[in-house]
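Before any comments, here is the structure.
The values are calculated or read from the model by the stated rules, or taken from the named source; none is laboratory data. As the structure is a prediction and not an experimental result, all values here were calculated from the model. Ideal geometry is used to build each Cβ from the backbone, glycine not excepted, and the neighbour counts take in all protein chains shown. Just so you know, the surface numbers come from the protein's heavy atoms only, side chains and all, with ligands and any DNA or RNA stripped out. Shrake-Rupley method; radii C 1.70, N 1.55, O 1.52, S 1.80 Å.
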Amino acid sequence: LATLLMLCLWTPALVSHAQAAERMQLVDSEPRILLNKRVASELDISNYLQVLHDASGTLDIDQIVAAGAKGESGFSPVTDSGIATGLGENIYWVRGSISSSLADGTETGGWLLQIANSHARHAQLFVRQGNGWEATDAVPGARFSVFSLPMSPDSAFDFYLRLQVDGMFSIPVKVWNQDAYQQSQRRLLPVWGMLFGAVAALAL
């Protein structure tokens, strides 16, 4: 009886540990993505980013990186569920680090970074290429700004985002596996079609 009771107590803990090991996890205050698409779908990484308000709106990626190398970056941690913006039109720089490990060698497809608010009017992703930083524009046709991430198994990289926003909003930043994101968009399309159809019918 005592043995049976101990097994009952241990089993939920073992199951919980196994499930946690398969999901996306955050380690050492940095986004760490475990590539297991059978379980994981999306991860809000907002609280693991840092943000800088570019008051002049004139800073470029080289100036941002050079200031960081001198310890004068001016970035501060994001403390909310998204990047808090201010009144008027503003430029914000966001930086973060992502590392990945391959949990299932049979997996295919990539990973996407999503600026989950349509009020980020213009967004650019900067990743290191060789000795410099290369700007990547958002994937065309998406409702939000979405970028392909240069992820490979057992790798890590730093990234910067430049956001142009007009008004006060909270802007979450998420990582999606590509398959889950595409499935999510396919589910949303009929809903948006019905909504716009209803609006058009009311207008008529």
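Before moving on, here are some points about what is shown:
- FRET efficiency estimate (nearest 0.05) - Cβ-Cβ, A156 to E42, R0 22 angstrom: 0.65
- Shape call, the stretch 109-176: gyration tensor on alpha carbons, a/c limit 1.5: prolate
- Residue-normalised accessible area of the stretch 48-160, expressed per residue, 1.4 Å probe, Å²: 51 Å²
- Sum of side-chain charges, K174 neighbourhood, beta-carbon under 12 Å (Lys, Arg +1; Asp, Glu -1): -2
- Spatially, the stretch 127-146 and the stretch 56-99 are offset by 16 Å when compared through their Cα centroids.
- Spacing of the two label points (7 Å from each Cα toward its C-beta) at R128 and K70, in nm: 2.0 nm
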